[in-house]
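The structure appears right after this line, and notes come after that.
Just so it is clear, none of the values below were taken in a lab; they were calculated from the coordinates. Predicted, not measured: the structure shown is a model, and the values here were computed from it. Here the Cβ is made from the backbone with ideal geometry for all residues, glycine too, and neighbour counts use every protein chain on show.
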Amino acid sequence: MPADPFVTAPPALLTTSDGRPLKAALAQAQGRARRRAFLLVAPLLAFVIFTFVLPIAQMLQRSVYHDGFSANAPAVRAWFAATVPGTPPDETAFAALAQDFRQMKADKTAGLAGTRVNYTLPESRSLFTATARKADDLAPPYRDAFLAISAKWASPAVWQAMRSAASPYTSDFYLIATDFERADDGTPRRVQENQRIYVYLFVKTFVLSGVITLLCLLLAFPVAHLLATLPMARANLLMILVLLPFWTSLLVRTSSWIVMLQGQGVVNDLLVATGVVDDQNRLEMMYNQLGTIIVMTHILLPFMILPLYSVMKVIPPSYARAARSLGATSWTTFRRIYLPQTLPGIGAGAILVFILAVGYYITPALVGGADGQLISNLIDFHMDKSNWSLAAALSAMLLAGVLVIYWLYDRLVGIDNLKFG
Amino acid sequence: MKRLLILSTALTGLAVSAQASDLTVMSWGGAYGAAQTEAHVKPFAAKTGIATVMVDSDNPATPIKAAVEAGNVTTDVASVEYADAVRLCDEGLLEPIDINALPPGADGTPASEDFLPGAVTECGVSTDIWAQVYAYDTTKFPEGAAPTTVADFFDLKKFPGKRGMRKGAKTMLEMALMADGVPPAEVYATLSTPEGVDRAFAKLDTIKDQVVWWEAGAQPPQLLADGEVVMTSAYNGRIFNAAVGEGKPFKIVWDGQIYENEMYVIPKGAPNKDKALEFIKFATSTEGLQAQAQQISYGPARKSANATEIIYKDGKTVMGPNLPTAPENMANALESSFEFWVDKDAELNERFNAWLASN
């Protein structure tokens, strides 16, 4: 069989001048460059991981994890594991409980265990600490011994609450954070109407943030336009007026608004002096929802102006002039030519202001009064009360809400259209 | 850049050397922290030569819990509320303090008999007794037509005008019930029933649209001074400081006061445990408690410290009648119940927050 004339010898490997295969040399050189690049980014990466990723991961873990009861009541935990939910406690269960209580008394951890159960069933904590105080006197028959300390030990609600706390991983905090509780048989149900607060506040937080974002946009748009079109000297002056409050401490700005708007404040005094309102009917602009909206709008305004300005600055005025010369009215020119070109700035400003507003805490705390509170104020409240798991669950829900908004924005506008300046 | 580096290094060095003291005390800052610095920290350092520093916190119980749980305790002594002292103790986060280790009173009475009932717990020793009271602006009400009882606080007809109230269920519910005619001895029994809670909220409802809510203890004197409210619930020491210290026309109504001990505690694993105990012995001795009461109008929790007259730091005001513990102020007074609030805090605050947010 004749040799195929088209088959040639395999080509000699391409080599560098010193005889190494070119491919290997290239990979080596690129690898070195990559490693060097990584080393340059490494400090930032480590910083982000330690100060951002890890704390958030820890927060998320805390919202589903609380071992206050489970770590301190191993015997009862074993009994719960061996029985199906809803099993009424028998003598073995009470004996296990007695064993745990003796240990809790020795370790001084009854308060810890009671606190965990108390999150889902009020008045459990004192039941635990009172029982622990008498733990050394517990003797068989244990059921009677426990009932002698408190009749509550016979209550199915207590045993259900303990069963649900017996696993360190729990959805209890998310239930509470959505205004639910567990019935005696463990099924979730909504809490009584006068206890419902979190869902309402979540909705309110997002609605108020939306209102504030809209107000910021309405106020910032003309200012940014002016900044972008004024002659340099006057634009600089205006820019200073925008930046000066931006650089001033948040607390100072909030307190100044209190001085301005409170019942005996500057604005009301002026209105009374000019006879617009009489002394008995001073306007209530502080310590309520209106106060929160006004002050937060002012504080977040620069975050809207600056991205808008950076976008408007580079819009060539010739486009608008061309539209006008082709016969468009000024409104049509604005709507069809100018506004679409500012969209990246509007998007960036809106998402910046909205996300900041959703997590805002100090301003509503100071000027919000009764109805100007946001969900972040309750997160702070629970941090202060040492109920960190509930605070973490609420924070996680807030984070999820912001991510959903971000995702929606990406789908509707496209995140690559964002322009921060 | 180099200069910046040197500067920041120097600053870090400063911060480290500031922490390298022999004893760290954590308190609430403001007028209260200043009082404890003057009365306890400085004299203790002068007497023993132990470098003692005071650090501030909004509520020392929160950082202490975090520090002990993280196993990185830098505070040796902390000033915490009574409920927190018992709660943290129950959770094993504090060092126990033996009452017999505390010095006897100036008159020789052993500490166990000298301290008022409940003033020393397993892990804490009382520094003072403070009270939640209400105060009014005397320029707003003529002499003879001024509010005198806790019920007057809720009487908008006789005493029109805005009210300041603490934003929280604790003390506000008790105040509402007492104003509604519940005797102090029955307040917590009433609040333990759903009907009692409803009754308290119904009473709060009657003034809800006239209330300005405050959170920080410094706010109520400010609200009164600004004329934002005509009367406000407040911590008695803050009103005293504004009225006597700054000459503001404020007057306290003691009827229906709710009082509570403030405690010094030692966090578990404190780096200088022995010195911390020495500090507490010094600060809660008869002289130590009196020294603090000269700075701020919170009552000493030792009988021996109340036996002699205490004069305010201005040199003329007698503290006695301005303390929550004065007999004439105790006529209709309620001791805040720790047990009740640890149990019901979450439940009642949820209801309170829901009530507050609804219109």
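Separation of the stretch A:167-231 and the stretch B:187-209, taken as the distance between their Cα centroids, equals 29 angstrom. As a length-normalised measure over Cα pairs under 8 Å and 6 or more apart, the relative contact order of the stretch A:74-195 settles at 25 percent.
Based on C-alpha pairs under 8 angstrom that are at least 6 apart in sequence, chain B has a relative contact order of 25 percent. The helix-based estimate of mean residue ellipticity at 222 nm for chain B, built from -39,500 (n - 2.57) per DSSP H run of four or more residues and divided by its residue count, is -11000 deg cm²/dmol to the nearest 500. Taking the convex hull of the alpha carbon positions in the stretch B:60-151 and averaging its projected area over all directions gives 10.2 nm². Neighbouring Cβ atoms from other chains, within 10 Å of the Cβ of residues in B:223-229, number 3 on average.
Relative to one another, the C-alpha centroids of the stretch B:227-245 and the stretch B:68-107 are positioned 30 Å apart. The alpha carbon centroids of the stretch A:46-120 and the stretch A:324-385 are separated by 42 Å.
Averaging sequence separations of C-alpha pairs under 8 Å and six or more residues apart, then dividing by the length of chain A, give the relative contact order as a whole percent. For chain A, the relative contact order is 16 percent. When only the Cβ of Lys, Arg, Asp and Glu is charged (+1, +1, -1, -1), the dipole of the protein assembly as shown relative to its Cα centre reaches about 3980 debye.
Remark: chain B carries a charge dipole of roughly 1160 debye about the Cα centre, counting +1 on each Lys and Arg Cβ and -1 on each Asp and Glu Cβ.
The length gained on full extension between residue B:139 and residue B:246, counted as 0.36 nm times the residue separation minus their Cα-Cα distance, comes to 36.9 nm. Amide H contacts for residue B:165 (H built 1.01 Å from N in the peptide plane; partners 5 or more residues away or on another chain; cut-off under 5 Å): B:212, B:213, B:214, B:233. Specify which residue in the list B:327, B:346, B:299 is farthest towards the positive end of the charge dipole of the stretch B:219-359, using unit charges on the beta carbon of Lys, Arg (+1) and Asp, Glu (-1), about the Cα centre. About the Cα centre, the residue reaching furthest to the positive side is B:299.
Long hydrophobic helices in chain A: the complete DSSP H runs spanning 30 Å or more by Cα along their own axis with mean Kyte-Doolittle hydropathy of at least 0.5 are A:22-48, A:198-229, A:289-312, A:388-412.
Please name which of A:245, B:62, B:139 has its Cα lying farthest along the dipole of the protein assembly as shown towards the positive end, using unit charges on Cβ (Lys, Arg +1; Asp, Glu -1) and the Cα centre as origin. Going by the charge dipole, the pick is A:245. Convex hull volume of the Cα atoms of the stretch A:74-195, normalised per residue: 98 Å³. Relative to the Cα centre, the charge distribution of the stretch A:198-417, modelled as +1 at Lys and Arg Cβ and -1 at Asp and Glu Cβ, gives a dipole magnitude of about 920 debye.
Candidates B:159, B:89, A:201 compared by Cα position along the dipole of the protein assembly as shown: farthest toward the positive end lies A:201, with charges placed on Cβ.
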